[in-house]
Amino acid sequence: MALNLTRRKFLQTASLAAATAAVSGCFANRAAASTPFVRKPFTAPGSFADTKTVVGGVCEMCFWRCQLVGKVRDGKLVKLEGNPKSIDNGASICARGNAGVKLLYDPDRLKYPMKNVGKRGAPEWKRISWDEALDECAAKLKAVSEKYGPHAIAMFPHGASATYPMGFFEKVVGTPNISEASFFQCRGIRDTAYVATLDTPPDENVDMANAKAILLLGGHFGENVHVSHVKRYLKGLENGAKLIVVDPRFSASAAKAHIWVKIKPGTDTAFLLAVMNHLVKSGKYNKAYVTANGVGFDKFTAGIAHASLEWAARICDVPAKQIKEVAELLAANAPNVSIHPGRHVSWYGNDFQRERSLACLTGLLGAIGVKGGFVAGKGPKVGKAGGWPAVNEEHAEHHALHKMAKKYPFSPPGTPTDLIREAALTGKPYPIKAFVAWGQNPIQTVPNQPMTIKVLQQMDFVMVCDIMPTDITMYADILLPETSYLERYDMIKPGTQWDLAGKQQQYIAARLPLVAMTAADHERKDPVWITNELAKRMGFEKHIPVKSQEEKTEKMLAGANLSIEQLIKEEGIRVQDGVEPYGKVLKVNFFSQEIADAGFPGVPTYTPVPEPPKGFARLVYGRAPVHTFNRSQNNAWLVNEMPENPVWLNDESARKMGLKDGDRVSLVNQDGVKSRTTTVLKVTPGIRKDTIYMAHGYGTMNPAMTVGVGKGIDDQSLITKGAVDPETGAHGMRSCFVKFIKDGKELSIPA
Amino acid sequence: MIIDLEKCVGCHACAIACRAEWEVPTGKDSANRERRRNWVKRLGPSKTPHGLASTYYPGLCNHCDKPACVNVCPADKVEVTFTDPKSGAKKTMQVAATWKDPFNGTVQIDKERCLGCGACADACPYSARYVNEDGEAPKADKCTFCVERLAAGLEPACVQTCLAKARIFGDLSDPNSEVAKYVKKGAARLESSKVKLGPNVRYYGNKRDMSLLVATSTPKTMPQANLRRTMMAQVLKSTAREVKSLGLLGLAGALVVKGLQEDEDSKE
């Protein structure tokens, strides 16, 4: 009866207002004439009213690290904005950046150290003191280390807060078993493939703002947002750059593209080989650059000679003439073309060779060190601090699973996730008996949840340090609450102006707290304090490199002749003259002897991936602009913007299946694993029939995440069979196939 | 305001910055209206006569030339003098709790006098208003074009945070302004034959995106007025006109209200 209630309220209010007017007549409101916008107390005063602007914020709603200012009223952060002094993001921040306030004050945040007195996976929490928590963590970790060796401890870190403890576990404790999601489930493949080809990891260093053509392979900017990155992309488009988007789905970028290549998922390398072969055969590559800087070019051209336009057209299910059109467009605009290396590239298990192909294509076009090409800005130097001494690093290296197994020679730093999980489950070559998650939620970042859960169940000890009660926290024995990026001293962010062709400038920003670290309602601690306290209790006190986060920041800034005090005086960002970024030449390993010697194809090679079984389509995932991985799914503002992740289905298929836009559906995969929840169906012509798409970062199963729990579908729960990239050991996660369930009935997807 | 869909990437920063700036609650109000001042809706991918399209509907109050929300406000009218900040010219008008500023053209709400009845929110074909029931009393709320921030020399919150510079704010009456140039280039209003209120947020984009935006996001009909609210609004308004300045408003108002309450009770 909500309406009635409102009506009653209305009547009461109306009568009251009328009575007031009677007493004072219309003169009472004359005062309002000069200030017609007086709204207190019924409207917020605005973030600019009676607030202090606090500088020194560096965002970590994602990892692009935009520079922030905080608007603080009575010690409370009311709004985040881009730091107007920033030459990177400027006064702009994205939806997630704006919603940082809601993370800071999320009532579901972890507040106190907790001990699980129930079961792993079905926890019952008991609040304990920091001393008790740290004593137990240290004792249990030490016990595992003494019984099985320090390599029996596995760590799953993520984010800036995990850097310091990761150094401790790797170098001092001495375990190689560190699985960073940012490497093994994200960009590690890209980095090592580019190192093998161009001798440098690429980051996202393509000068899109000054490009005449941009090639995105799966890149979906707009759905994937990093502020200065998207600024570069948009400036390029505004200046008339031709955009080519290769994607099975009509993504946010495809919608702005000149050419949309509606490729069959898994076949991108075949497409790239055909483009390169066409450039070589037609002589439309950059001969001068290749002659001067190419290595193994003859072997390369011979190795890709089979990749005709027709060959690729058949494999990729796109017209041969479109592949040719792409090649010609790139050649016509070379060398000022951005061949984007991608970011999350752990897709199908054949990804190292695709990333190699992108690097080779960049070289073939001579798109290196030139406007619009592969160019890195030259950032300023800052000091180093907080590095742990390499006390037991040798032990760690000696026990690296991939080295022992002589596998995955192009693994990014750390140990491939599946080797850790297999060792844990088989005890071979050695057992893994302690599990530390720090800022990472491996339940939702790593494929095959049942396997991860088995791994957790066989541990002697599980410790988790996080901000939010993510799914992994349900499996912790001891749960430690840490401060957020808005409350702590932390990392240094150096960089350059966002447009590489702009006035050459550099900047140094540091993450300084925008609000106080302590408050009466919690006992959160920062990662340096937590790690140091652990180190002391584990007998490693003498190796502690810094006493506090603040000291670490101070020392790093000192390397740039700066201090925290000075940086604050400079409005949170030091801006200084920069260095011309163009002109750098890179050698290009078209054929790589190193890769060939390791037993892999030295020339970029296409390896087909398994086809969907009959009735299924391939599940691909991507990003929603309001979420970062699975980290933001309890943020009340972000959830409100996109409460669920709609699952995309081709419109013709939907018609044949009797499904319509807006239907509630769930999914089942090729192993019979069903999604725990349902979501809304999006019927669209903008996706291939063999592809199902949804945004990642939904469907947490932890009831302690009261806003996000059960909202949308957790794509990772359906990725039971992860592919493994043979060169790197990193996961491919677009490796599973699904069909629909509606009203309890399984619905096959027509071919 | 102009929204350039060629630039917009649909990131939702505008919507969240607005929520932070004005502490706009999430979810829906008791009449099932989205509680928002500023929103982004993803459109498509869909077929259009100009090809496959996927774009966004970033929406906010249109500060219409002929706003449907103003005349339905049942609050007592008071005399308010408006001043043109440019010329210093003054204009005195009788306004209810919501009005259209005769000089800057924005549509505003006086929260002190707002009755929170929601008549204005029901009248808006763009669903740009809602009733905020979180405070001590329910109050209608919507985008103000951030006149308060403008007065402090700041850009509207959504404009400031927009990484794409897709939101262009300015004076439509100044032919040299950026916004006026967009109008010349064809920036369009979301209007239909039955909904012609003269909205002052305009959208610019390529043919296929505009085709999708217009097809999905133009209101086709004026909202069906909530009869009871409209009736109460009309009664209160006519009474207010008659008794204005006679000091009897309170009495008359109370009588009207009493009558309505009896009517209400008899139905229960």
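Please treat every number below as a calculation from the coordinates, not as lab data. Nothing here was measured: the structure is a model prediction, and the numbers come from that model. Cβ placement follows ideal geometry from the backbone for every residue including glycine, while neighbour counts extend to all protein chains displayed.
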Pseudo-spin-label distance residue B:171 to residue B:50, built 7 Å along Cα→Cβ, given in nm, is 3.1 nm
For residue B:94 and residue A:239, extending 7 Å from Cα along the Cα-Cβ vector and measuring point to point gives, in nm, a value of 6.1 nm
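Using only the Cα atoms of the stretch A:282-363, build the gyration tensor, take square roots of its eigenvalues as a ≥ b ≥ c, and label the shape rounded, prolate or oblate: rounded if a/c is under 1.5, else prolate if a/b is larger than b/c, else oblate. If you can, show how the numbers build up before the last one.
Numbers: a/c = 1.36, a/b = 1.15, b/c = 1.17.
Rounded, because the longest to shortest axis ratio a/c is under 1.5.
Restrict the search to the stretch A:522-579; then list the trypsin sites (Lys or Arg not before Pro) that DSSP places in a loop and that have at most 15 other Cβ atoms within 10 Å of their Cβ. Intermediate values should be presented prior to the final figure.
On the way: sites: A:524, A:525, A:536, A:537, A:542, A:547, A:552, A:555, A:569, A:574; in loops: A:524, A:547.
Answer in residue order: A:547.
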Give, in nm to one decimal, the length gained when the segment between residue A:454 and residue A:577 is fully stretched (0.36 nm per residue of separation minus the Cα-Cα distance). 38.9 nm
Relative contact order of the stretch A:354-477: what whole-number percent is it, with Cα pairs under 8 angstrom and at least 6 residues apart? 15 percent
Which ³J(HN,Hα) values, rounded to whole Hz and listed in residue order, are derived for the stretch A:168-185 from phi using the Karplus coefficients 6.51, -1.76 and 1.60 in 6.51 cos²θ - 1.76 cosθ + 1.60 with θ = phi - 60°, glycine and proline given as x? 4, 5, 6, 8, 9, 5, x, 10, x, 8, 10, 10, 8, 4, 5, 9, 7, 10
List the residues, sorted by chain then number, that are 5 or more residues from residue A:58 or on another chain and whose placed amide H is less than 5 Å from its amide H. A:68, A:512
Pop the C-beta distance of residue A:111 and residue A:503 into the FRET formula with R0 = 51 Å and round what comes out to the nearest 0.05. 0.65
Relative contact order, percent, chain A [alpha-carbon distance under 8 Å, six or more residues apart]: 19 percent
Nearest 5 is fine: what % of DSSP beta bridges in the protein assembly as shown come out antiparallel, could you say? 60 percent
Linear extension gain, residue B:224 paired with residue B:152, 0.36 nm per residue minus alpha-carbon span: 22.1 nm
Could you list A:124, A:355 so that the one with the fewest beta carbons within 10 Å of its beta carbon is first and the one with the most is last? A:124, A:355
Can you tell me what percent of all Cα-Cα pairs in the stretch B:43-142 are more than 15 Å apart? 67 percent
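Taking a temperature of 20 °C and a viscosity of 1.002 mPa s, what whole-number D in µm²/s does Stokes-Einstein yield for the stretch A:335-440 with Rh from Kirkwood over alpha carbon pairs?
D, rounded to a whole number, is 120 µm²/s.
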Among A:444, A:390, A:463, which residue has its Cα furthest toward the positive end of the charge dipole of the stretch A:381-464, with +1 on Lys/Arg Cβ and -1 on Asp/Glu Cβ? A:444
Would you calculate the separation in nanometres between label points at residue A:671 and residue A:292, each defined as 7 Å from the Cα along the Cα-to-beta-carbon direction? 5.2 nm
List the residues of the stretch A:454-482 whose backbone N lies under 17 Å from a point placed 7 Å from the Cα of residue A:126 along the Cα-to-Cβ direction. A:462, A:476-480
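Could you tell me whether the protein assembly as shown comes out rounded, prolate or oblate from its Cα gyration tensor? Rule is a ≥ b ≥ c as square roots of the eigenvalues, rounded for a/c under 1.5, then prolate if a/b exceeds b/c, otherwise oblate. Write out the running numbers ahead of the final one.
Numbers: a/c = 1.79, a/b = 1.49, b/c = 1.21.
The shape class here is prolate.
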Table column - 3J(HN,Hα) (Hz), the stretch A:205-217, Karplus curve with 6.51, -1.76, 1.60, x for Gly and Pro: 7, 10, 7, 4, 4, 10, 8, 9, 8, 10, 10, 10, 9
Amide H contacts of residue A:128 (H built 1.01 Å from N, under 5 Å, at least 5 apart or other chain): A:114, A:115
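What do you get when you divide the Cα radius of gyration of the stretch A:443-557 by 2.2 N^0.38 Å, with N the number of residues? Don't skip to the end; give the middle numbers.
On the way: Rg = 18.6 Å, N = 115, 2.2 N^0.38 = 13.4 Å.
Computed over Cα atoms of the stretch A:443-557, the ratio equals 1.40.
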FRET efficiency, residue B:184 to residue A:328 (Cβ-Cβ, R0 25 Å, nearest 0.05): 0.10
Which whole-angstrom value gives the distance between the alpha carbon centres of the stretch B:157-205 and the stretch A:687-737? 40 Å
Using alpha-carbon positions, what is the distance between the centroids of the stretch A:285-304 and the stretch A:436-499, in Å? 44 Å
With the Cα gyration tensor of the stretch A:686-751 in hand, convert its eigenvalues to equivalent ellipsoid semi-axes via √(5λ) and list them largest first in whole Å. 23, 21, 11
Read phi for every residue in the stretch A:504-512 and hand back ³J(HN,Hα) as whole Hz from Karplus 6.51 cos²θ - 1.76 cosθ + 1.60, θ = phi - 60°, with x for Gly and Pro. 6, 9, 10, 9, 10, 10, 10, 7, 10
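What FRET efficiency comes out for residue B:215 versus residue A:518 if R0 is 56 angstrom and r is the Cβ-Cβ distance? Round to the nearest 0.05.
0.55
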Distance from the Cα centre of the stretch B:41-69 to that of the stretch A:604-677, in angstrom? 25 Å
